[in-house]
1. For Phe87 and Leu69 in one chain, what is 0.36 nm times their gap in residues minus the Cα-Cα distance, to one decimal in nm?
2. Output ³J(HN,Hα) for region 59-66: one whole-Hz value per residue in order, computed from phi by the Karplus curve 6.51 cos²θ - 1.76 cosθ + 1.60 with θ = phi - 60°, and x for Gly and Pro.
3. What FRET efficiency comes out for Asn8 versus Leu104 if R0 is 35 angstrom and r is the Cβ-Cβ distance? Round to the nearest 0.05.
4. Convex hull over the Cα atoms of region 5-110, averaged projected area in nm²?
5. Could you derive backbone 3J(HN,Hα) for region 95-109 from the dihedral phi with the Karplus parameters 6.51, -1.76 and 1.60 (θ = phi - 60°), listing whole Hz in sequence and x where the residue is Gly or Pro?
6. With +1 on the Cβ of every Lys and Arg and -1 on the Cβ of every Asp and Glu, and nothing else charged, how large is the dipole of region 5-110 about its Cα centre, in debye rounded to the nearest 20?
7. Roughly what would the spin-label model give for Thr59 and Ile38, points 7 Å off Cα along C-beta, in nm?
Amino acid sequence: MQDTPRRNIIVRLSSNPMGVYLLWFIALLLFCIIGIPILRLSMGHADGEQVPLTLLGHTANIAVIGLILISLVSPILYWGWYKKYMFIPLIIPILLIGLLGYWLIDIYISNGHHFPL
């Protein structure tokens, strides 16, 4: 039995970490385009105008955390590819962990806390 063309594309994309990053981006894009409006329509209460923007903001956090997890798991799942292109999985989590650290510090300071210096 042959694979369907759609499944074949997914299998080919998931054969290396860059394809997994692309699949993650496509899933998030579909959630933003389809999922957020569906969630908004299912919440039928008043004063919910900001719900789509809030969900979109939380999607950015989920995207960063997902990319960090993919970057941490990719050396285990794709060891042969990782040995050949080691710099790509190392650069992405370093940048994303820096961004996550900046967000955490920003949240800490915006809640009225100060670092003891």
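Every read-out reported here was derived from the displayed coordinates using simple, explicitly stated rules and does not represent laboratory data. In this text the structure is predicted, and so the values were computed from the model without any measurement. Note that we place each Cβ from the backbone using ideal geometry, even for glycine, and neighbour counts take in every protein chain shown.
1. Details: separation 18, 0.36 × 18 = 6.48 nm, distance 1.64 nm.
Between Phe87 and Leu69, full extension yields 4.8 nm more.
2. 5, 5, 5, 5, 4, 5, 5, x
3. Numbers: r = 41 Å, r/R0 = 1.16.
E(calc), rounded to 0.05, equals 0.30.
4. Details: hull surface 35.5 nm².
Hull-based average projected area comes out at 8.9 nm².
5. 5, 6, 5, x, 5, 5, x, 4, 4, 5, 5, 4, 5, 4, 6
6. Numbers: 6 positive and 3 negative charges, 142 e Å.
Computed about the Cα centre, the dipole is about 680 debye.
7. 1.3
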